[in-house]
Amino acid sequence: MSEPVVLVETVGRVRVLRLNRPKALNALNREVAAAMVAAAQAADADPAIGCIVVAGSEKAFAAGADIAEMKDQTAGTMAAADWFGEWEAFAAVRKPVIAAVSGYALGGGCELAMMCDIILAADTAKFGQPEIKLGVMPGMGGSQRLARAIGQTKAMEMCLSGRMMDAAEAERSGLVARVVPATELHGAAMELATTIASMSLPAVLSIKESIRRASEVALTEGVRFERRVFHALFAGRDQTEGMTAFLEKRTPQFTHE
Ligand code: HXC
């Protein structure tokens, strides 16, 4: 039997999804897309999970969409299949998703990392949108999310030249939250994910939804949305527990409701 293209592991309240096509540097073919979306949705639906980590190998988070699989497609076959459309379901996951990026995150690999909520990078990480060198362009949200993450001029430079960015530049540009030595990447991602997963799930979901909205709507509407969601959290038990625990100088016991 062939190896699964996405390895799934649960550690406490954290679900780890690891891309597993080492011979193709984790190139994202349709099998990987289906497996990743299904695994992310399963984690999202599982009440025992509070945070998701997406990882690749030491050499490559993912070197892009699978070029061999795309080469002979036509505009018609791509449109009929809505090629890459399945990734919208991944981006729509409600629980926080951390991308732990080591090595190459190129093309669809960079786009997958940007669909996640937090990118942690190893000092070996390299980000880029090299599609221009193949005679095409980003197709999994890269032109939109990279421009929002690092600004128009830098996104233009990267997408039009295909230049790669190293981890330090990615951190300076605001693409990644933090850079750590490669050997510490997994531990750092698990520590962050475990911290997030220990928090009240309704508060976590509300924060993700609210911050995501910041890049979608006007400021006044976003601030009003945030206030309404904030008010709604006072209907949950975790708000009472969190505030009572603070005043009693003890650690809160969240029940995620
Ligand atoms: C399919 C890929 C691949 C990819 C690497 N491989 N990237 N296969 N799709 N995106 C395969 C290689 O063909 C090779 O297979 C094996 O992985 C190892 O790759 P090498 O090139 O031999 O490794 P190395 O010399 O270390 O170079 C690493 C690399 C290079 C710099 C990352 O592989 C590279 O440039 N890859 C392509 C990156 C890219 O253009 N990504 C964007 C794709 S388009 P064999 O069988 O020879 O060992 C995209 C967006 C799609 O993502 C949207 C537009 C339609």
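The values are calculated or read from the model by the stated rules, or taken from the named source; none is laboratory data. Note that this is a predicted model, so its numbers are computed, not measured. Using ideal geometry, Cβ is built from the backbone for each residue, glycine included, and neighbour counts are taken over all protein chains shown. With ligands, DNA and RNA removed, areas are computed over all heavy atoms of the protein, side chains included. Shrake-Rupley method; radii C 1.70, N 1.55, O 1.52, S 1.80 Å.
Remarks
- Directionally averaged projected area (convex hull, Cα atoms, the stretch 113-255), nm²: 10.9 nm²
- Helix-only mean residue ellipticity at 222 nm for the chain, each DSSP H run of n ≥ 4 adding -39500 (n - 2.57), per residue, nearest 500: -13500 deg cm²/dmol
- Applying a DSSP loop filter and a limit of 13 other Cβ atoms within 10 Å to the trypsin sites (Lys or Arg not before Pro) in the stretch 1-93 leaves Lys59, Lys71.
- Summing Cβ point charges (Lys, Arg +1; Asp, Glu -1) relative to the Cα centre of the stretch 1-119 gives a dipole of roughly 300 debye.
- When the surface is traced with a 1.4 Å probe over the full set of protein chains, Val136 keeps roughly 90 Å² accessible.
- Label-point separation, Lys59 to Arg250 (7 Å along Cα→Cβ), nm: 5.3 nm
- Within the shell of other residues whose beta carbon sits under 13 angstrom from the beta carbon of Glu58, the net charge comes to +1, with Lys and Arg scored +1 and Asp and Glu -1.
- Computed over protein heavy atoms with a 1.4 Å probe, the accessible surface of the stretch 6-197 works out to 44 Å² per residue.
- Charged-residue dipole, Cβ positions (Lys, Arg, Asp, Glu), the stretch 203-257 about Cα centre, Debye nearest 20: 80 debye
- On the basis of the beta-carbon distance and an R0 of 25 Å, Glu3 and Gln41 show a calculated FRET efficiency of 0.70.
- Restraint check, Lys95/Lys133; Lys59/Lys95; Lys59/Lys154; Lys71/Lys208; Lys133/Lys208; Lys23/Lys126, Cα-Cα greater than 29 Å: Lys95/Lys133; Lys71/Lys208; Lys133/Lys208
- Note on the stretch 200-248: Cα Rg divided by 2.2 N^0.38 Å, N the number of residues, gives 1.29.
- Within the accessible area of the chain (1.4 Å probe), percent carbon and sulfur: 59 percent
- Whole-number D in µm²/s for the stretch 6-197 (Stokes-Einstein; Kirkwood sum over Cα pairs; 10 °C, 1.306 mPa s): 97 µm²/s
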